[in-house]
Structures are given as structure tokens and as C-alpha cells.
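First comes the structure, then the notes that go with it.
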Amino acid sequence: MELLINLTVNGLATGMLIFLLASGLTLIFGLMSVLNFAHGGLFAWGAYAGVWFYTLSGSFLIGILGAILTGIILGFITEKLIITPVYGNHVQQILITLGFMLVLTELLKVVWGPNQIAARVPSYLAGSWEFGDVLIIKYRLFIIIVGFVVFGVFQYILQRTKIGLIVRAGVMDKDMVQALGINIKRVFLYVFMAGSALAALSGVLMAPYSGVIYAEMGFEFAILAFIVVVIGGMGSFPGSLFAAILVGLAGSYMAYYVPALSLAVNMLLMAIVLIFRPQGLFTAKG
Amino acid sequence: MKTLLKVEDIHTHIGQYHILQGISFEAREGEVSVLLGRNGAGKTTTLKTIMGLTPASKGTVLFNGQDITKKPTYTIANGGIGYVPEDQGIFGDLTVEENMKVAMRKEDDAAFARQDYVLELFPDLKTFWKKDGGHLSGGQKQMLAMARAFVNDSKLLLIDEPSKGLAPIVVEKVMEAITEMKKSTTIVLVEQNFIMASRIGDRYTLIDDGETVHAGEMAELIHNEEVKRKYLGIG
Amino acid sequence: MKNKFQWNNLFLAVIVVVLAVFPFVSDSRTWTILLTQIFIFSILAMSYDILLGYTGIVSFGHAMFFGMGAYTTAVMLKRMEPTIGVFILSIVCGMLLAALVSFFIGLLTLRLKSHFFAMLTLAVSGLFLVLAEKWRTVTHGNDGFTFKAPEFFKDRMMFYFVTLICLVLVYLLLRRFVNSPFGRVLVAVRENEQRTRSLGFNTLHYKVIASVVAGVIASLSGSLYAVSLRFVNTSVMTMDITLDALLMTIIGGVGTLIGPIVGAGVIELTQHYLSGLAKDYPIFERWIIFFGIIYILAVIFFPRGIVGTVREKLWKRKTKTRPLGKEEVS
Amino acid sequence: MEPIIRTENLTIRFGGHTAVSHVNFEMPPRHLKSIIGPNGAGKTTFFNLLSGELKPTEGDVFFKGESMASLSAVARTRKGLGRSFQITNVFPNLTVLENVRLAVQSKEKIRYQMARHFLHYKQMIEEAEKLIALVLLDGKEHAIASQLSHGEKRKLEIAMLLALDTEVLLLDEPTAGMSLEEVPAILDVIRKIKQTGEKTILLIEHKMDMILDLSDSIMVLFNGKLLADGSPQEIMDNETVQNAYLGGLYDENLAES
Amino acid sequence: ACSKSDEGEASSTEKEKPSETTPVSEEATSEEGGTIKIGVLASLTGALESYGKQTKQGFELGLEYATGGTMEVAGKKIVVVYEDTETKPEVAVQKATKLLEEDEVDFLVGSSSSGDTLAVLPLAEEYEKIMIVEPAVADSITGSEFNPFIFRTARNSSQDAVAGAAAIAGPGVKIATFAPDYSFGWDGVAAFKKAAEDLGAEIVIEEFADPAATDFTSNLQKIIEAKPDYMFVVWAGANSPWNQIADLKMQEKGIKISTGAPDIPALSIMEPLVGMEGFSVYYHTLPNNEVNDWLVKEHKARYNGEVPDLFTPGGMSAAIAIVEALNKTNGNADGNELIKVMEGMSFETPKGKMTFRAEDHQALQTLYSIKLEKQDGVSYPVPVLIRELSAEETEPPIKN
Ligand SMILES: Nc1ncnc2c1ncn2[C@@H]1O[C@H](COP(=O)(O)OP(=O)(O)OP(=O)(O)O)[C@@H](O)[C@H]1O
Ligand SMILES: Nc1ncnc2c1ncn2[C@@H]1O[C@H](COP(=O)(O)OP(=O)(O)OP(=O)(O)O)[C@@H](O)[C@H]1O
Ligand SMILES: [Mg+2]
Ligand SMILES: [Mg+2]
């Protein structure tokens, strides 16, 4: 029983971390339909900037805010320079964002050097609680809470405002949305910036979790985020949350019970979901 | 009567094509102006140019005394122009409700009153309130497109072929609605159904090959057999 | 039109001749190898374009077929005699394997729409990568293994010619393929699949056949790749290979066959050149940044790929009234 | 005469909404039947069921006495059920000529031919050009379909259907959005096809004058149900049809033209 | 005629000049006994970039040290060309061929990844040039894929494993292993298992984890349940399990952790493992010999106070090996001649004396049994020597 609880809690925490990763992509890829391969770059920048602010100020909170700010600024630059010319064209998006991904990753090395950098859990979040054989790691609990907060905030915004609808409408027919009096370019810009901020936030939260940041960290995690967005259902926050937790739990159980398949677990999960539910688990509908 | 919209000798290029080659007309407040012309004449492009979707390379569009020729589309729309495009422009993955919600510029009581009015006009929309726009029938889409434009308090409405695909009885309702709207709104209409056009139109502009070739009072046109035969193939 | 057609062919023929005499005039082995590499990746990129450019399906799993070819050839040359016969046999076996696998995977996955299909192919090829990693008795996993190439290829020039011939043959075959009535239906599928179906074409068949053709050709390029390295490891199955194919196709121009070849050339050459610069000029130490910038500039200045955009410009100059007709395929 | 198409209890539900409800209908070959009914009555859905685009929840379609239940849209087209679409549905980035040529290619059953250049099939191109002229699109052969005006796209749609040369033609509002001047020409095309006496035509239209002019019979769909099926005169005299569908406009309409 | 050919020579050197990092005067090339060219393949960009740079710096220093600063051996000028493999086998082959064909190098050195190295091995044999493998670790390089032109100054996985076992294994000791689920991990564990069992230890559980995973707790959980005395970790790459090992309080639960000490940047993330006992390939304070003293001093002087790292001495050793061998053949760079003198050759390196074993050309070398300690003024845990593991002690099985 303790074992099951342990596996579940850890799976949940990993899932939440993956959700945070995927949440930005849910906006950018799921909602805005931009195949942003530079997402991992934004994530890595968030991690580096966050750790930098954190080390400089000694406050993890400032680190987090610094990361979010970096995400917002980078999101602004990325949208204006890279994404604006290629809305609606997936083929061009792949090329230009992959190029930008290379630039972002290498620039990290220019700024902070090519070596990995240690990231520590702030003392008030370090350590764990033990209840018998059940071990609750504080930082993981923190991640779970942040995940739910992010989910709540964004779900609220999307439910209560027209933004989600406008973005989806804009993806289908940009001209028509403008003809209805909406400055869709600005909406896209803001949503993209929000997505980048989320990417950066997940980056800085990831850093102490694994204890290390490195320039190449982005790409692997971005693929995971794409997987989650697709199996969760494009543009659906509940979908992403559910899928992320599914991935987290599957990984946790699989590594314990069927270790031979643990390398393949994400891919298997995605294949199974897509074959039986080709549109993903949820849809963007309210 | 005051001129609300004035289109002066506009030329529009799409890609390397010179589509509009001199369109001029005006729409006076409280009137229905009809654009007529055969397929491919440039009627739709004229409306799009007014909306800023295919901006004019030459000429001016004056709305309410202001030059809106080079303004971005959303500014033009927010200035009080509603648009019902010819291909309806329904957001297929959004429900009828969501389509309406996106369209509603200001969510005040007046807007909801207008919404109630259009829903009475097109009860089908009420029935299918939660249905995806993409799953509506052709005529229902047309209704939704109009409802989206009617729900806002616009000074000017640009309507591209509203009667297309509608059952005769609904066409009649649309005509009533337009006549009703006329009290508060100016309307520019593109319409192939000459019976409808002639019944609700106050004046007309005839477009051929991207140019204005004729304009005047609708009442005149009804009796001008020659123009009707030459440009409209009727009579 | 006929005229244009022949000019095109003449131009291509000249390039092939230049490439064919190249090794005799230049004794630079770096170039021979670099060109060989470009030829091999051109074949891969062309095969990818059959999917992306002609049928309109984005696959993130193309590397699996490349890997199948590479492994089949490597394993057979290692386990049997390193002779030309075995080499050819291994290419055929690799192609058969790729055909079989792409056929079944196609049936299974091609019903899915855009993103979902792309991600499913990513999943399937991810599973193949895990298989290659785990089946160590045969693949030696991530470390990989070396093997002997047939004696005939000891001279790299011979191998250069073999790849050049393969490239030309594949190009000619694929050109036929995409310009055939069958190929035109593929384009129709790309444009509007549902409409194609209602015209009475069974689009699933078309997509499956396209993916089999693409898979088989990718397998061929994989076989050649393995022999060019005399080494194989799991990197042949990774996402990197798929992305390479994808980038080459897009940079060169989707929906043309010359495009992927140009793309392969551009990417390999700039990479080579930039990494060369890194040795001389410290600011190029981070040459990958410049490489990334090239992708970005490519999209901005060649929105339809190099070949696509150039061709469009040429058309525009020639005729003001007649827009680019897509049936005018190279 | 054995009916060429027959439906038995044909029904489809979307969620809770029954779009086509227990329709039993049949029509003899070489006959032109119009379908009318209010918006959302289920006309297009009925077409979709005939052509196989949608699968019925209940009931079946019979073509020449053969059940179509197991046949896909592709197979039905090949058997001889061709259709046009209400919402313009063409290949947007291909030229007009190529759009039509593809349809001709399907008719000619050149499906899996991979070894010859498509331009070698001259007769295909010639035939496509002929059809383009027939629907008054000549001069626009090399225009990209997405750049056509709405009316022009409708004509292209018709040309593509004609190119399929199927025994049964399902026409969904072929003249919607077409200018007054050109409606008669398209009418003419349909009339000519009818006169050849080879085709069976089902026509959805809202233009009553056109329907009366062309139809051998008219069927009325109402809320998914078959309300009436009979000669034009019978239908015009039907009160329900008058009230629910035509309204007052129709009389004036006739009176003025 | 004579002057003409001189011109030819000169201009060709001119052309190559930009690609040489060690400049060479034109007279030297043409007038004296010729040049020795060495091509170094390393990952100078990408994830392994820091390894590549360490090798490069070490190699430069090594040449200087071995030639006494003259950069000449047996009267021949040494020229080095560095190429970036980008950690892609096809690029490695491309660059290696360029080195062999165009630069006509006499030696190859490299590279940072086992994959790149394996892909290049056949070329060394084809061109009959000596290749010094540094720092790639895969056993198969001097094992199943061996060819006589390959010599390795780097330690291999088996040596790591033997050292790892020597540090902790003993009769009755229960050990769990934890490694990434790919060749590197499998090889490492297999070798470790054998070595540990030879020393009388018992392997109670072998866990392999997805190297890209975000969460390793399931695997670690299983290890905790197996109640071993030690957990031996074979790991590489930035995404590491150290934090989670600490989170799960394994050490508090009585499971001692042991692993190989990595390079300094990676050490900085091993804070949670302070106190662990394991082995090290190199840390600048571990070896006690003149060569290392020189290396540390020069390295600091040259790279603003930085100390040499994990693979710097490897690069240096490779350079020393080449110079020694050339001294023995009197400047003859013929591959087959060199094999004869290099087999069994011993040479002094920063890590003490290395010997190329005649059978498989693997350099036998000293490794170090260490403990990680926190030291004042150092921002990362420092490997502190417990004892040297002599070359004999860490000798791996012959596998070719
Ligand atoms: N995007 C475009 N690119 C090129 N040509 C275009 C484009 N859009 C429209 N055209 C051309 O411009 C002309 C006018 O088109 P427009 O849509 O304005 O006609 P219309 O009068 O609305 O016709 P219809 O009654 O058929 O709707 C047509 O010949 C059309 O082919
Ligand atoms: N895919 C679908 N999903 C859900 N409802 C649908 C779908 N397709 C059609 N409907 C509904 O079924 C009803 C019949 O639609 P249909 O398109 O057949 O009408 P129609 O008779 O062709 O009308 P119109 O004259 O307006 O084209 C409509 O109420 C429509 O909303
Ligand atoms: Mg129009
Ligand atoms: Mg309909």
C-alpha cells in the first residue's frame, strides 16, 4: 500500500511538472496552432534566467519572477520576429522555429557558458516528510500545488473570457475575426507571450527538481510537451492536465512493474491513445 | 440626406492582378444601396476593400467623413461597420453560441436585446444554440452570419448575398429584417436575387469588370429595360 | 511548355555531367565525401517530399525507414560476405522490410488527421528506436558496430558514382511518379482529401502507396548511408534524421523534387563551411547560431523554399496574366 | 420500371437531433426530381446519405436494387452516384483545368497509373477543357481555384460533377450565388443533360421558377421527414408547402418575371 | 625546377595555414626533415562540447610538454589540425577522411563520443594510420571492433567498472546497480558485476532507467526494497539522479552510494552525494607526479587560473604517447612501424605510467578510489583520495 502511494504521489508530481511544461504549449500549439519547436528553448531560457536571478538575489521567488519576465520578453521577441510571418503555415513554422531553437540554445552557452549549472532547492522547500513508509518530498508537493494553481488560473481565464474563443476563431479565419472588430494580431501576441511565460516558469521550476540545468535540456522536454498536448486534445487545459498526469503515472508504474518497457512508455501511451481516440482525450470545448 | 460612406475611384490589386479598376459610389444614411453585377465583376472585392481586407492601392474610402482607406480591418469594424461575408465566415469548430459571443462587441443589455430579436427572426439558431457552426445546414450558416452582424450596433452593414441558399420564406424574413434595420442602420447590399434587391434597395450601383458602369435610384432601374438586359441579363 | 521542359532537362543533364566528371578534375576527397553525403541525403529528402510536398502529410517518423535500410545493410554485410552481391541483396531486403512496415503502419496510422498522424508516426518510430537500442545482439545498441564495405567501394570514387547514379535514378523515377496520373491524385489529396474521395479515388490507398514509396526510397538512402560510414548505430533511427530530411525538404522547396536536393546541398555545405570557419575566427565558435539564423532567413526570403520561390519569381516575370500552375512540376 | 435509387426507412441522428427521419423514396431512371424544403430540413444530409458521405443510423439506400450499406463514398461514386457540394468544395491551389481534369481522370478510371506523364493523356485534357467551356468558365482554365469569385467556383463545381459522368447526378444548389444572367445558362446545361435521356438527376434548389421549369417531380423534406412527393403541380398546390416553405414571395416572384 | 617546386610547397602550406592551430614556419616545413601531422577529432559543439575542449587543451599542453616546448620531434615539426565532429558519426567520418586525405595526417586522435570513434576506426585501418582513442570509453573500441591501428589512452568501461568494484566490493557485500538504459549503462554494469563478484560481492538488483526520464523514484524505490549495502551508479549526461537519491534519503536508510566522479561542472551538482565513496579517473589533486604538477601549473597559467579537468590529462597523455612513439621510430610515422614500437610501450603521463597492452592496445592506467568531501573555498564536492588503484589492479579483461 505504501508502495502504491509512493508511486502515485511521485507519478503525480512528475505529471504536474510535465503539465507545467505542456501548459505553455497548450496555448501556443493547442490553441494557436503554431508548431513551435523553439518552445524548449524558451523553457531552457526560463530555467537559466530563473537560476541566475535566484543565485543573484538568493530568493527563489525572485528567481521565478525573473524567469517569467524573461519568458514574457522572449515571447514578445519571438512572436514579433519569428512567428508573425508564418502564422497558418506549419511547414514554415517548423523550419523557422527549429532555426530559432538552435539560436536560443547556443546563445545560452554564450551567456552562461557551455557547462551544466547546479540548481538547488530553496531551503524552505528542501527535504521531505515521512509518514511511515510514505515519503512526501516537499518540493514535489510544491510543484503539484503550483500546477493546480496554474491550471486554475488559466482555466478560469479561458472559461470566463472570450480569449480562448477568439484565438480559436482567429486560427480558423483571421480575416473574419478582424472584420468582427478584434485586433487578432495583438491577441495572438499576448497569448504567445503568456505561453512563453508558462514555458519559462516550468523551466525555472524544473531546475531545482532535477538539480541541474544545461543548454540542451529544452528539446527533450519539448517533445514530451507535444506528446501531452496531442494526447490531451489540442488546446484543452483539462486535457493537458489529464494527459500529463497519465504520462507521469504511467512512467512511475511502468518503471516499477514493467521496467523493460519503461523506455517506450511515453510512445506506447501516445500510440494507444491516438489509435483508439484519434482526436485526443479531450477537446477544447468548454 | 447625409452621405455615410463614400467610395471614390478605388483600385485594388490582389497579388499581381488588378481587380478593381475604379469603383465609386456612396451610401446615404438610412438607405439600402445595392451593388449589382455579374459573377466575377468585383462586388465582393469592393466590400472587402471597404473592410480593409484587400486594401485599395488607389482611391479613398470615406466613412462618416473619415478616411478609412488604409486603416486596419479591426479599426474599421470598430468604427461601426458590420460585415456579412459571402462565404459566411462561420467558425466551424465553435458553437452557434460561441460564434455569437465572439461577434458581440459590447455585452450590454441593448446587445442582448438585439440578440433576442435575431433569434426570433431565425429560430433555427436558437434550436441549435449549442451545435458546432460547421454542422449547420447551408441556410442555417447564412442565418448565423447575418445574426452575427445584426447583434452589434453598427452604423453601416455590408451584406454579401444574404438570400443565397435560403428558403423563399426565410428570404422574405430577411427582407423584413433588413427593412427593419434600415431604420437605424445604413446598408450596402450585394444581391443576385433581383426581386429582392429591387424591393428593398433604394439605389443601385452596377459593377462590371471592376468598374462602376451605372448608378442611380432603384426605382429607375426597374424600368430601365436596356441596362437590365445589358448588365443583368434580365428583362 | 514543351520548350521549358526541355530546357529544364538540359540544365539538369549538364549538372549531372559536371558532377560525374568532378572526381576526375578535383582530387579533393573531402569534396567527394561531402558530395556523397549530399547525394545520400538528397535521396532521403526527396523521399520525404513525396509525403510532405506531394501528399501533404507531415511525418515525424521517417527515420525509421532510413534506419531499417542502414541496419539491414550493415547487419548483412557484417554477418555475410562483404561483397557487391550481398550489398545489393541487402538493399533489396531493406526495401522489402521498409515496404512491409510502411504498408502496415500506413494502414494503421494514415486514417488520422494532420497533427495526430504526425505524432503517431513519432511514437512508432520512437518504438523502433527503443527496439534498436534494446536488440543489442544484432544492433550493438547505441555504441553501434563497424563492418567491412565491399572491396569495390574501397576507392571512395566508386562509391561516389554509385550514389550519384542512385540519386539520378531515384530522381527520374520519382519525377515520373509524381507527374503520373497517380502523382496528380496525390496532389489532390494534399489539397482536399475529402473532395478527392468524392471524385471516386480511394485516398487511403494513395496515401499508403505514397508512404510505401517514401519508405522504400528512404531505406535505400539508409543503406547507402551505412556503407558510406561502414558503421551504424542507433543515431540512424533518431528524430535528428527525420528533422534533417524535413529541413532539407522545406529549405529547398516542398512539392518539387529538385528542392530537396538543393536543400540537402545547402544544409550540408553551410554546415561544413560554418564549422570550418569556427576554426579560424573565434566569433564563429558558436557557428550554430549562424546556422540557425540561416533557417530563419530562409523562411523570410524564400517562403516557398529556394526552388519554389525562385520558380515563382521566374513565372511572374514571364507572364503577368498567368499564375503559377501547380501542374507544371519539374 | 425498376427504380434506380430507392431508400428504405433512411434515418440519421446527430446526437439527439434526427436530421433525416424514416425516408422511403424511390425514383425511376432518367428522371429529374427536385428536393425542396426549409433550411435545415435535411436535404443536404439526405444527399450525404445517398452518396455515402454519411452512414445512416437506420435504413438503407439501394442503387439499382443493390444495397449500398457496405459501400463507401468512393465505391458509390465509382458505381455511378456523383455529387456536387453546397459549400464550394474544390482543390483550392490547383488550376481550374486541373480540378476538372482530376474528375475526368477518375471517370476514365486512370487511377493507379504511375509510369506515364499525365500530360500524355491528351483526351483527358481536351475533355476537361470542353466541360469548362460548357459551364462558361473558358478563359479561366489556368486561374487558381481559390482566386475565383464565388459564382465562378459554383460553376467549377458543376463542371467537376459533369466530368465524373456518373449515371446519377446529385446537384446541391448548383446556382446559389450565380448571377441572374448566368442562371439561365446553367439551367440550359442541366436541361441539355436531361434531354440526352441518359442521366438521372436529383436537384436541391431554392429557386422555385427554376424547379418548376425543370422537374419531372418534386419531393418535399420537412424536419427530416418526407412530407410529399409528386408532380410539380401537386406540390405547388400543397398547403403545407405553401405555408412552411414558400411564403408569399413565390407568387410575386412568378408574377414579376 | 627546384625553385618552382618550392613555390608549390609554399603555396600549398599557405592554403592550409588557416586550418592549423599550431603555426609552423614555412622554412621548417621545406628545409628540415618534414612535418608530422596530427588530426584531432573532438566534439567542439553540442552536448559534449566541454569534453572536446578538455581533450583539445590537454593535447596542446601535452605536445608542449613532450617536446620541451619545441613542437618538434626527431627533427620534424608537429602540426595539429582540430576538427569538430558535432557528435554525429557521419560528420566524424567526413572530417576524419578530410584529415587523412587532404591534411594527410599521420595520426588521428579522438573523439568525445564512442559512436563517432567507432565510425572512424575502420578509416585508421584503411589508411594504416595510428589512431589514439581519447576519451571514448566503449569497450568495443578495443574489443569487438578492434583493429591493430587503434591505441587507447583513455580508460575503458571495464576499467571504470573494475575501479568501481575495487572501491566498494568485498566478500558478502550486497550491491545494487543503477544505470541508464542504453549501451553505456549495460556495458558498465556487466563489467562491474563481473569485477564485483570476483571480489566476492553479491549483486542483488540491477536497475536500468530511461536516461531522459524526469523521475527516477520508481527505480530507486525498487533498490531501496532490495536493501543493498551499496548502490553503484553508472551515469553520464547532464540529466542525473543525484537529487532524487538524496530526496529519497537512501543514505539515511543505510544504502551507501558509489559512482565515478565526473568532471567539475558535473561535480557541482553532486552536492547531495557528499560523503559517498567511489572512484575517479582524474581530479587534479589526485595524482602525485611531476607531469601532473606541470599540467596543473601550466593549465592554470594559461587558462586564467582554471584547473585541468577530467579529460585534460587524457588529451595530454595522447600527445605524450605520440611523441614517445615517434622518438622511438626516430620520426618515422609509418603506421605499421609505429604499431611495433607502441605495443607494450610505457610512457609517463599526468596519471602516472601508462602501458599500451600488446593484445588490445588498451592503456593500462592508474585510477583512484575517492571520497567526496565538502571543502572550504570550493563550490563543489571534491574527490579526496582514499587510495590509488594501480594499473595492474584495474586491468580489464581482454575482449578483442
Ligand atoms: N485572391 C484573388 N486572387 C486573384 N484573383 C481574384 C482573387 N479574388 C478574386 N479574384 C478575381 O477578381 C474578380 C472579382 O471577384 P469578386 O469575388 O469580387 O467577384 P464578385 O463580383 O463578387 O462575383 P460573384 O458574384 O461570383 O461573387 C474575379 O474575376 C476573381 O476571379
Ligand atoms: N454533421 C452534422 N452534425 C450535426 N448536425 C448536423 C450535421 N449535418 C447537418 N446537421 C443538422 O441536420 C439538419 C439538416 O441539415 P441539412 O444540411 O441536411 O439541411 P438542408 O436541408 O440541406 O438545409 P439548407 O437548405 O439550409 O442547406 C440541420 O438542422 C443541421 O444543423
Ligand atoms: Mg461575390
Ligand atoms: Mg443544404
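The values are calculated or read from the model by the stated rules, or taken from the named source; none is laboratory data. Just so it is clear, the structure is predicted and the values come from calculations on it, not from any experiment. Backbone-built Cβ (ideal geometry, glycine too); neighbour counts: all protein chains shown. All accessible areas refer to the heavy atoms of the entire protein, side chains included, with ligands and DNA or RNA removed. Shrake-Rupley method; radii C 1.70, N 1.55, O 1.52, S 1.80 Å.
A few points about this structure:
- According to the calculation over all Cα-Cα pairs in the protein assembly as shown, the P(r) per 10 Å bin from zero is 1, 7, 14, 18, 18, 14, 10, 8, 5, 3, 1, 0 %.
- The interface between chain E and chain C buries about 3000 Å² of solvent-accessible area in total (1.4 Å probe, ligands and nucleic acids excluded).
- Hypothetical label at B:A113: residues of the range B:142-177 whose amide nitrogen lies under 17 Å (7 Å Cα-Cβ projection): B:150-155
- All C-alpha pair distances within the range E:312-360, sorted into 10 Å bins from zero, spread as 28, 55, 17 percent across the bins.
- For chain A, the spread of Cα positions along each principal axis, largest first, Å: 63, 47, 35
- Placing one equal scatterer on every Cα of chain E and applying the Debye formula, the log10 ratio I(q)/I(0) at q = 0.10, 0.13 Å⁻¹ is -0.65, -1.05.
- Fraction of the pair-distance distribution of chain B above 27 Å, Cα-Cα pairs, percent: 32 percent
- The mean number of Cβ atoms from other chains found within 10 Å of a Cβ in peptide B:96-109 is 3, as a whole number.
- GluC sites (Glu not before Pro) within the range D:159-214, DSSP loop, no more than 15 other Cβ atoms inside 10 Å: D:E198
- Placing dummy labels 7 Å off each Cα toward the beta-carbon, the span from C:F24 to D:D237 is 9.3 nm.
- With both labels modelled 7 Å from their Cα along Cα-to-Cβ, the B:E226 to C:V92 distance reads 8.3 nm.
- Full extension of the chain between D:K225 and D:D209 gives 3.4 nm of extra length, using 0.36 nm per residue less the Cα-Cα distance.
- The residues of the range E:223-310 expose on average 36 square angstrom of accessible surface per residue, using a 1.4 Å probe on protein heavy atoms.
- Once the Kirkwood radius over Cα pairs is known for chain D, the Stokes-Einstein relation at 37 °C and 0.692 mPa s delivers a diffusion coefficient of 172 µm²/s.
- Where A meets B: accessible area buried, both sides, 1.4 Å probe, Å²: 1800 Å²
- Buried accessible area, chains A and E (both chains, 1.4 Å probe, Å² to nearest 100): 2900 Å²
- Residues with amide H under 5 Å from that of D:A228, placed H, sequence gap 5 or more: D:V220
- Hydrophobic, long helices, defined as DSSP H runs whose alpha-carbon span along the helix axis is 27 Å or greater and whose mean Kyte-Doolittle value is at least -1.0, occur in chain C at C:2-25, C:29-49, C:84-109, C:114-134, C:156-179, C:203-229, C:258-280.
- Accessible-area composition of the range C:1-115, carbon plus sulfur, in percent [1.4 Å probe]: 75 percent
- Exposure check, 1.4 Å probe, all protein chains in place: A:H90 carries approximately 60 Å² of accessible surface.
- Taking trypsin sites (Lys or Arg not before Pro) across the range B:128-174, the ones in a DSSP loop with at most 12 further Cβ atoms lying within 10 angstrom of their Cβ are B:K130.
- Ligands, DNA and RNA excluded, the heavy atoms of D:K109 present near 140 Å² of accessible surface to a 1.4 Å solvent probe.
- Restricted to Cα atoms, the range C:32-238 shows a radius of gyration and a Dmax of 17.2, 55 angstrom.
- Net length gained if the chain between B:K130 and B:K2 were fully extended (0.36 nm per residue, minus Cα distance): 41.9 nm
- Calculated over the range C:260-318, the projected area of the Cα convex hull averaged across directions stands at 4.5 nm².
- Calculated FRET value between C:I283 and C:L243, using beta carbons and R₀ = 35 Å, to 0.05: 0.85
- Only helical runs count toward this figure. For the protein assembly as shown, summing -39,500 (n - 2.57) over DSSP H runs of n ≥ 4 and dividing by all residues gives -16500 deg cm²/dmol at 222 nm.
- Taking the longest Cα principal axis of chain E as reference, the axis of helix E:312-329 is set at about 40 degrees.
- Within the range E:197-292, chymotrypsin sites (Phe, Trp or Tyr not before Pro) in DSSP loop having at most 14 other beta-carbon neighbours inside 10 Å: none
- Accessible solvent surface per residue of chain B, calculated while the other protein chains remain in place, 1.4 angstrom probe, Å²: 37 Å²
- Shown for chain D are the DSSP H helices of 15 Å or more along their axis, judged by Cα atoms, with a mean Kyte-Doolittle hydropathy of at least 0.0: D:96-107, D:122-134, D:150-164, D:183-196.
- Theoretical gain in end-to-end length, E:K300 to E:S144 [0.36 nm per residue, Cα-Cα removed]: 52.2 nm
- Relative contact order of the range B:1-160, pairs being alpha-carbon contacts under 8 Å that are 6 or more residues apart, as %: 23 percent
- Kyte-Doolittle mean at least 0.5, axial Cα span of 15 Å or more - DSSP H helices of chain A: A:2-25, A:39-57, A:60-77, A:90-112, A:138-160, A:184-210, A:217-232, A:237-257, A:265-276
- Between helix E:49-66 and chain E: long-axis angle, C-alpha atoms, 0 to 90°, nearest 10: 50 degrees
- Where labels lie 7 Å past Cα in the beta-carbon direction, separation of D:S72 and C:K154 in nm: 5.4 nm
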